Every structure is written in structure tokens, then in C-alpha cells.
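The next block holds one structure in the form of C-alpha cells; read it before the comments.
The values are calculated or read from the model by the stated rules, or taken from the named source; none is laboratory data. What you are looking at is a predicted structure, and each value in this text was computed from that prediction instead of being measured. Neighbour counts are summed over all protein chains in view; Cβ atoms, including those assigned to glycine, are modelled from backbone coordinates with ideal geometry.
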Amino acid sequence: MARSVYVTGIDRGDGRQVVELGVMELLTRQVDRVGVFRPLVHDGPDRLYELLRARYRLSQSPASVYGLDYHEASTVQAERGTDELVSLLVERFHQVAREYEVVLVLGSDFAATQLPDELALNARLANEFGASVIAVVGGKGQTAESVRAETRNAYRAYAGLGCDVLAMVVNRVAPEDRAVIAERLAA
């Protein structure tokens, strides 16, 4: 089993939080000590982490869950470069990883950030953390062909950036489209 799993997406509105909950459920059934790390966080409450903490009775200090907020990350990247940003986040991740058997990494959310190319940043962080990637593609309001294309493009992007892609998840698909989308993805 991987020592860390990095759940990420390619856009907003992909329903990634449901996948993160499911992955946490699976991990907690396999090992006793699962940590959580969110490299980048917005100001304000983190409802997903609060849900994970309550549901799984996490003993982890809330302060150790977060790498940097987006404003700090943007400032570090602008003033000292991406390598320094990644270095800071890797250091904070390893502080968590030392304490747990497995770490669930909650990837960035692509929401009004000042960071260029979040997909590449998520991929680089996953690689630096030594984490396997589960990438989530949102299928809401999309045709089967566009979901297929987005899923394959996302897979190629993460794999092309050197990631160990554990799974691709298509989420938020209309019930009437599930069979067609599953068929297209299998082709």
C-alpha cells in the first residue's frame, strides 16, 4: 500500500470531496493511523477536514493539516520561486508523514487562486511527497465523449508529469449517462 494518496482534480465542481471521504474510509479500514494533509488552503473554515476529523476521530493537530494558505503560497512563489514553495510544502508534509502510517493528501481546489498551473503544481507535489494520485474528473453536464476526452487528457497530464496514477474517477455523472460514459471510458 502507498504511504500517501494524493486526491486531486482538474477543475472546480468535480465533487472531489466525496472521493476524498471514500478514500479515507478505505484507508482507515486498512491501517490504524491515517493523517491528513492539505498543501494549500483558503481562509475560513475547512468543512471537509472538520468532517474527516469528526467522523474518523482524528487525533492530528488541526495546525499540522495545512501547508500554506493560498495568499502565502502566492507570495512565496512570486518572491522566491516555485522551487521554494514546493520545498516548504514538502517539509510540512514530511512533518505529518513521520507521525502516520498513511497520509491522505487533499489536493488544491482550483478556486480563484493566484497560482499558475495548479495541475502541474499538484503533480509535482504528489511526486515530491511520493504519493500515488487519484485524479477526479467532473462529469456534470458533459457529454460522454467530452468526459472521455477530459479523463484521458487528465491521465496523460498526470502520467506525463511522472505521477503514479492509482485511479481516475469520473464523478457527478447523470444517472442516465452512466452506462454510456462507462462504455466510452472502457474503449
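General remarks:
- Pick from the range 67-107, criterion buried (at least 18 other Cβ atoms within 10 Å of the Cβ) and farther than 16 Å from residue 38 by Cα, ranking: modelled with the highest pLDDT: 76
- Scan of the range 126-170 for residues that are in contact with an Asp or Glu (Cβ under 7 Å, 6 or more places away or on another chain) and within 24 Å of residue 35 (Cβ to Cβ), ordered by number: 132, 133, 136
- Qualifying residue in the range 114-121 (condition: in a helix (DSSP H, G or I), over 18 Å from the mean Cα position of the chain (by Cα), farther than 21 Å from residue 34 by Cβ and not small (Gly, Ala, Ser)): no
- Filter result (surrounded by 15 or more Cβ atoms within 10 Å (Cβ to Cβ), basic (Lys, Arg) and closer than 17 Å to residue 131 by Cβ) within the range 26-66: 38
- Filter pass, residue 182 being assigned to a loop (DSSP other than H, G, I, E, B), modelled with pLDDT under 95 and either among the small types (Gly, Ala, Ser) or under 17 Å from residue 3 (Cβ atoms) (or both): no
- Subset of the range 148-182 [among the aliphatic types (A, V, I, L, M), out of contact with any strand residue (DSSP E or B) (no Cβ under 7 Å at 6 or more places or on another chain) and in contact (Cβ under 8 Å) with a residue 24 or more places away in the chain]: 157, 161, 173, 174, 180
- Of all the residues in the range 125-154, those that are in a helix (DSSP H, G or I), crowded, with 17+ Cβ neighbours inside 10 Å and more than 14 Å from the chain's Cα centre (by Cα) number 5.
- Enumeration of residues in the range 155-173 that are of a type outside the set (D, E, K, R) and part of a helix (DSSP H, G or I): 155, 157, 158, 159, 160
- Among residues of the range 126-165, those that are basic (Lys, Arg) and under 21 Å from residue 5 (Cβ atoms), counted: 1
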